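The values are calculated or read from the model by the stated rules, or taken from the named source; none is laboratory data. Just so it is clear, the model here is predicted, and its values are computed rather than measured. A quick note on method: Cβ atoms are made from the backbone with ideal geometry, for glycine too, and the neighbour counts reach across all protein chains shown.
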Amino acid sequence: MSRAGQRSPSKTPVVIGGILLAVLMAGGLIALNAFGDGGGVLTAGLAQPGATLGSAGAPVTMEEFSDFQCPFCGQFARQTSGKIIDEYVKTGKVRFVYRHFAFIGQESIWAGQAAECAGSQNRFWEYHDKLFASQAGENRGAFSRENLKRFARELGLDAGRFDRCLDNNETLERVRQDTEEGMSRQVRSTPTFFINDDPLLGALPYENFKTAIDRQLPR
């Protein structure tokens, strides 16, 4: 993990892909869930692929590959994403897609699963925000299964349904699928963004995202 600067992305060792896949395989994979994609101006929940915000017809698609334990991903979520949503997503210019790149450790995988379980109750984005607000170091228990269940209760989710989803690994395949997709697209750090397939790395200032998005908008 890089700690050289506040805006530096979290680095992925080359061997991490194999380690992650081994962890996921040990956890037991299940069949991929079928997700529907909403087309409203501000839609949330599980989509194929990724959880989305914005219109399906937006001229720009912005994908984020992220790990809920990554401090720089948390920085982006707390400081920058809201500005992008207000200026570009709510105005129909950008469709934002969240993709998992759960590489830091087991708690990253559990947190990704938990977010998708919340998404099955159409509460992905609220849970997403709760996770990033609750970061407390990497692999130190902040995202234990017990805490993840507590977060769901604090947000008023159906606790029984959430617990079954998490305990039965119902969304593990989704986390695995996103992470493999990131590897296939040469993601090596988090957060990594693709803006209409053009890569942008790190928790950069808002102005960098604005420039990259405006470049893709039709003239």
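Criterion applied to Ala152, Ala159, Ala142 was being among the aliphatic types (A, V, I, L, M) and surrounded by fewer than 14 Cβ atoms within 10 Å (Cβ to Cβ), and the one residue passing it is Ala159. Tell me, please, whether a residue that is over 11 Å from the mean Cα position of the chain (by Cα), within 17 Å of Leu204 (Cβ to Cβ) and surrounded by 21 or more Cβ atoms within 10 Å (Cβ to Cβ) can be found in segment 119-139. Scanning segment 119-139 turns up no residue that is over 11 Å from the mean Cα position of the chain (by Cα), within 17 Å of Leu204 (Cβ to Cβ) and surrounded by 21 or more Cβ atoms within 10 Å (Cβ to Cβ). The criterion of at least 2 residues that are of a type in the set (Phe, Trp, Tyr) and in contact with a helix residue (DSSP H, G or I) (Cβ under 8 Å, 6 or more places away or on another chain) is met by the following helices (runs of 4 or more DSSP H) wholly inside segment 97-162: 124-133.
Would you check which residues across segment 56-84 are charged (D, E, K, R) and farther than 16 Å from Ser189 by Cα and list them?
Across segment 56-84, the qualifying residues are Arg78, Lys83.
Of all residues assigned to segment 186-209, none qualifies as being basic (Lys, Arg), out of contact with any Ser or Thr (no Cβ under 6 Å at 6 or more places or on another chain) and closer than 23 Å to Cys70 by Cα. Entry remark, segment 163-198: residues being outside any loop (DSSP other than H, G, I, E, B) and either of a type in the set (Phe, Trp, Tyr) or without any contact (Cβ under 8 Å) to a residue 24 or more places away in the chain (or both) number 7 in total.
Only residues that are in a loop (DSSP other than H, G, I, E, B) and either among the β-branched types (Val, Ile, Thr) or surrounded by 16 or more Cβ atoms within 10 Å (Cβ to Cβ) (or both): list them for segment 199-219, please.
Gly202, Ala203, Leu204
Could you tell me which residue of segment 85-96 is surrounded by the fewest Cβ atoms within 10 Å (Cβ to Cβ), considering only residues that are of a type outside the set (Lys, Arg), in contact (Cβ under 8 Å) with a residue 12 or more places away in the chain and outside any loop (DSSP other than H, G, I, E, B)? Per the criteria, the residue is Glu87. When Asn147, Asn196, Asn168 are screened for being at pLDDT 95 or above, buried (at least 16 other Cβ atoms within 10 Å of the Cβ) and more than 17 Å from the chain's Cα centre (by Cα), only Asn147 passes.
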